[in-house]
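What follows is one structure encoded as structure tokens, with my remarks underneath.
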Amino acid sequence: MQILDAQKESKIWPLFRLGFRAFFLGGALFACLAMVLWFLTLSGAKVLPGIANPIWWHAHEMIFGFGLAIVAGFVLTAIQNWTSIPGVRGWPLALVAGLWLLPRLLMPLRGETNILVMVLDLSWLPLVAGMLARPIIQIKQWRNLFFVPLLTFFTLLNALSYYAAFNHDWLLAERAFITAVLALSTLIAVMGGRVIPFFTSRATATDKPNPLPWLEKLSLGLLWIATLGWLLLPRTDLFNALLALVLLTAAISNLARLARWNSRLALSIPLLWILHLGYLFVPLGMLALAAALLRLGITVSLASHWLTAGALGAVILGMIARVSLGHSGRALEIGKPMVVAFALIILSALLRSLLPMLLPGLTMIAYHGSALAWTLAFGVFSWLYWPVLTQPRVDGRPG
């Protein structure tokens, strides 16, 4: 069986031997390209000829193009470990990766309301959900089935964002985008609770702190409530105040959760401190969104970047750096260039979220600086990890 598996594996281009390869590399390269296009657009260049609303495009592509590509790569890889059933590989993986890539390339030319673009972009996530559901149902591992309705939820939000673009309804689009950002942040909280304390315990040879069931339920439950509340609640002063209270409580509980994960032990290990710092942006983002709802001198857009540029950017970069090494048979060690990339992604987050709050007169400088730091961070990853993700495992095993 091992010989047959090796023969089959050798016939598959390494990029399509497991989900993390195609989607991590594709997502990182797209993160660079999309941010360069956004930087040029901010500078007045006409590099998005088909796009009617560049702000819509930027928000949509960083969430549904970049963020969910990484989620897809993660779950399509993890499902093999969860179920002990071989993961999606070969032409099925190439097909779903192609369905993700095509709308990314077509949208700047054909526009955000082009029917072909919308159909393609709304097809790839349900396909990923189906690929996940099959092995989970086969072995009745219901715990991880929640990814299937979650990906369906993201597909509905994506469809809602296109509907808003078609009707030129920016407020509806913003509601869909922030809801998606909150859902992604909640997913970070769910998975972060599983892996960050575990990674820290293993790397520092210390005991893993036992989770407090009441704190876990409170922290994650409030995040889900905030996500659904943002989507469904009317925008009145009363409901905004109630939602702000939920966000504030979620921030406090997630700070308490993070405080139990021995973050001080991670300060000397880059593959750990990037995850701890990235997670810190989750409660900070909740506080910022609460302040925006209460009109305390911060816009919703600015507040949301504590989660997008901060939590998503840092946690994603840290996770794909670590997962790519582990699943390619390499030691969990990085060099100085990747540490610089981690520092750049934190700089990008602070420039985009904090600097405009402190010095509003430097807002455009903050935008440009943040975009440049983001591009360099994911550019370094793409450069360093290209051979890791496009070549076979160094230990000769499948995957």
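A straight line joining the Cα centroids of region 324-385 and region 102-161 runs 27 Å.
Within straight-line reach of K208, meaning a Cα separation under 23 Å, sit the following lysines at least 8 residues removed in sequence or on another chain: K217.
Peptide packing for 31-40, 176-185 was compared via the average number of neighbouring C-beta atoms within 10 Å per residue; ordered from the highest value, the list is 176-185, 31-40. Of all the accessible heavy-atom surface of region 200-317, with the other protein chains kept in place and a 1.4 Å probe, what percent is carbon and sulfur? Its accessible area is 71 percent carbon and sulfur atoms.
Both radii come from the Cα set of region 108-183: Rg as radius of gyration, Rh as Kirkwood radius; their ratio Rg/Rh reads 1.08.
Per the Debye calculation on region 9-80 with a single equal scatterer at every Cα and no solvent contribution, log₁₀ I(q)/I(0) for q = 0.11, 0.21 Å⁻¹ amounts to -0.36, -0.85. Only helices enter the 222 nm calculation for the chain: every DSSP H run of n ≥ 4 contributes -39,500 (n - 2.57), and dividing by all residues gives -24500 deg cm²/dmol, rounded to 500.
When you count, for each residue, the other Cβ atoms within 10 Å and take the mean per peptide, how do 316-323, 218-225 rank with the highest first?
On the way: 316-323: 23.9, 218-225: 19.9.
Final packing ranking: 316-323, 218-225.
When you restrict to C-alpha pairs under 8 Å that are six or more residues apart and normalise by the size of region 211-288, the relative contact order lands at 34 percent.
Heavy-atom accessible surface of region 246-399, averaged per residue, reaches 40 Å², computed with a 1.4 Å probe. K8: which aspartates and glutamates have alpha carbons under 20 Å from its alpha carbon, excluding same-chain residues fewer than 8 sequence positions away? Within the straight-line limit of under 20 Å, K8 reaches these aspartates and glutamates: D395. Taking a virtual spin label 7 Å from the Cα of D237 along the C-beta vector, which residues in region 280-311 bring their backbone nitrogen under 15 Å of it? Under 15 Å, as judged by backbone N against the label point of D237, lie 293-296 of region 280-311. Just checking the listed ones, T41, T206, T249: in the Gaussian network model of the chain with Cα springs under 10 Å, the one fluctuating most is T206.
Residue by residue, region 286-296 carries 3J(HN,Hα) couplings of 5, 4, 5, 5, 4, 5, 5, 5, 8, 6, 9 Hz when phi is fed to the Karplus relation 6.51 cos²θ - 1.76 cosθ + 1.60 (θ = phi - 60°); x denotes Gly or Pro.
The values are calculated or read from the model by the stated rules, or taken from the named source; none is laboratory data. All of these numbers come straight from a predicted model, not from anything done at the bench. FYI the Cβ positions are ideal-geometry reconstructions off the backbone, even for glycines, and counts take in every protein chain you see. Quick note on the areas: whole protein, heavy atoms, side chains included, nothing else; ligands and nucleic acids left out. Shrake-Rupley method; radii C 1.70, N 1.55, O 1.52, S 1.80 Å.
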